[in-house]
Amino acid sequence: MLSFWETILSEWERKTLPQIFPRTKEIPVSGFGQLNKILVINGFRRTGKTYLLLSAIAKLLKTYSKKDIFYLNFEDERIPLTTHVLTDLLPAFQAHFGQKPKFLFLDEVQNIPLWSKYIRRILDNEDMQIFLTGSSSKMSSFELPSELRGRSLEQKVTPLNFREFLIFKNESPEQEKARLPAGQARLDFLFNEYLTFGGLPEIVRARPEDKTNILQEYFRTVIRREIMERFNLKNEEPLKTVAKLLLNSTYFSLSKIYRDLTSQGIKIGKNTVGNYFSYLSSSYLFAPISHFTYSLRHQLTRPQKAFFVDNGFITTLSTKFSQNTGRLLENLVAWHLKAAGKEIYYFQNERKTDEVDFVVLKNGQPEELIQVCSDLSDRETQKREFGALLRTGKKLGCSNLTMMPIDETEKISLPPGIKAVSFIDFFLS
């Protein structure tokens, strides 16, 4: 084990940090340590959690040296996934550098048995700021082991927002919009790419011909590593089929997906299908949005809508919605709102004649209604979408009504009480 640690620590001493693009929400490198808490960075795989850690380290290295900081990625295949690795970490570091680190960064630490007990011991006995990352909900505030509850702060990492996407593409939204109309045309082109292939950092920087293959590999990795291995499942085909049914569903329910599976000759229990929903959600791949009603009983009887963490998965894996601009826009708006910490639902009246895409709640009451429509050029579409928004606003007692047309240059006469927001302005706000 000594030679192993000498190798790892020597590599850390020589390590050069890669090029790091700034994110809108960086990791704080001070403050939380005085609260005697750890900082947990979690979210979907490949959203840039590791680079956020490295960005924080780069800031610290302006004041501290490598002997004050240690970063270890537990997805390094050389690292044994045993508790002894953690137990030996600080003694090995002290033997190599002559002191213990002041800042400890552990990437994907949830792979190590009894990791949380080790972190609690270090938190209680050492003067050290601790940063952890994880790609499964095991690292969320809801599922953290009991010894760490109340002793952690959480920061979720999502795919790039549109402003970050532009930075990763070496573009400036302010400069592009200033050069109208050419700048606006360029911005529209980039937004279409973002809408289609999403905001996972590696995908944004990848060659166009490689994007689909990389996204499909991400999907396989999530199914196998985040779900199959974690929950000890033996057969991945039913799980993959459930995920693809959700990708191709506007609305879904346990009963509907169960019927679809049995019609395909897949023998599976209804409870197992429900478990698959939970597993897909715990991997951060998928999030259900419920129907808004003040009656919990009625809410449980209505279908949910399926949203995925990144549009690239819809484009790559959906056979029904891959070229559906409306579906892609609605999915993007959903995750933008969720990333902003909004509590969101959809609404549909009893006769299913009126539907509003998003009901945004504040303190349990509708704060804003948002309707997403990719094309408002047709008068019948305008009548349907505006009418649904106005009637639902009246029914729910909400006067903050937003319509999101895709093209802000369209000359559309809005009814009183509805404001229009272009997609680009919404995603750059």
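For the reader, a short list of remarks on this structure follows.
- Test result for His298, outside any loop (DSSP other than H, G, I, E, B) and either of a type in the set (D, E, K, R) or within 22 Å of Phe44 (Cα to Cα) (or both): no
- Flag if Gly326 is modelled with pLDDT under 95, at positive phi and of a type in the set (Gly, Ala, Ser): no
- The set of residues in region 127-148 being of a type in the set (D, E, K, R) and either modelled with pLDDT under 85 or surrounded by 14 or more Cβ atoms within 10 Å (Cβ to Cβ) (or both) consists of Lys138, Glu143, Glu147.
- Those strands (runs of 3 or more DSSP E) of region 329-401 in which at least 2 residues are charged (D, E, K, R) and under 23 Å from Leu247 (Cβ atoms), considering only elements entirely within it, cover 355-362.
- From Leu332, Leu296, Leu376, residue being buried (at least 20 other Cβ atoms within 10 Å of the Cβ), among the aliphatic types (A, V, I, L, M) and under 24 Å from Lys394 (Cβ atoms): Leu376
- Within region 366-384, residues that are of a type in the set (A, V, I, L, M, F, W, C) sit with their Cβ atoms under 6 Å from residues that are open to solvent by 40 Å² or more (accessible area, probe 1.4 Å), at 6+ positions apart or across chains, in these pairs: Leu376/Ile412.
- Within region 254-275, the set of residues being touching a Pro at 6+ places or on another chain (Cβ under 7 Å) and within 14 Å of Lys234 (Cβ to Cβ) comprises Ile268 only.
- Residue within region 301-308 that is without any contact (Cβ under 8 Å) to a residue 40 or more places away in the chain, part of a helix (DSSP H, G or I), open to solvent by 30 Å² or more (accessible area, probe 1.4 Å) and not small (Gly, Ala, Ser) present: yes
- Inter-residue pairs, beta-carbon under 7 Å, first under 17 Å from Lys320 (Cβ atoms) and in region 251-264, second part of a strand (DSSP E or B) and open to solvent by less than 40 Å² (accessible area, probe 1.4 Å), 6+ apart: Tyr251/Lys305; Phe252/Ala306
- In region 354-373, the residues that are open to solvent by less than 10 Å² (accessible area, probe 1.4 Å) and not hydrophobic (A, V, I, L, M, F, W, C): Gln371
- Considering each residue of region 199-220 in turn, at least one proves to be outside any helix (DSSP H, G or I), at pLDDT 95 or above and surrounded by 17 or more Cβ atoms within 10 Å (Cβ to Cβ).
- The residues on offer are Ile41, Ile79, Ile20, and the sole one that is surrounded by 18 or more Cβ atoms within 10 Å (Cβ to Cβ) and closer than 30 Å to Ser283 by Cβ is Ile41.
- Among the residues making up region 73-117, those that are basic (Lys, Arg) and more than 29 Å from the chain's Cα centre (by Cα) are Lys100, Lys102.
- The single condition among (1) open to solvent by less than 60 Å² (accessible area, probe 1.4 Å); (2) in a helix (DSSP H, G or I) that Phe189 does not meet is (1).
- Failed item in (1) outside any helix (DSSP H, G or I); (2) in contact (Cβ under 8 Å) with a residue 40 or more places away in the chain; (3) within 28 Å of Arg220 (Cβ to Cβ); (4) open to solvent by less than 10 Å² (accessible area, probe 1.4 Å), with Leu52 passing the rest: (1)
The values are calculated or read from the model by the stated rules, or taken from the named source; none is laboratory data. Treat the numbers as computed from the prediction; the structure is a model and nothing was measured. All Cβ positions, glycine included, derive from the backbone under ideal geometry; neighbour counts span all protein chains shown. We work out accessible area using only protein heavy atoms, side chains counted, and drop any ligands, DNA or RNA first. Shrake-Rupley method; radii C 1.70, N 1.55, O 1.52, S 1.80 Å.
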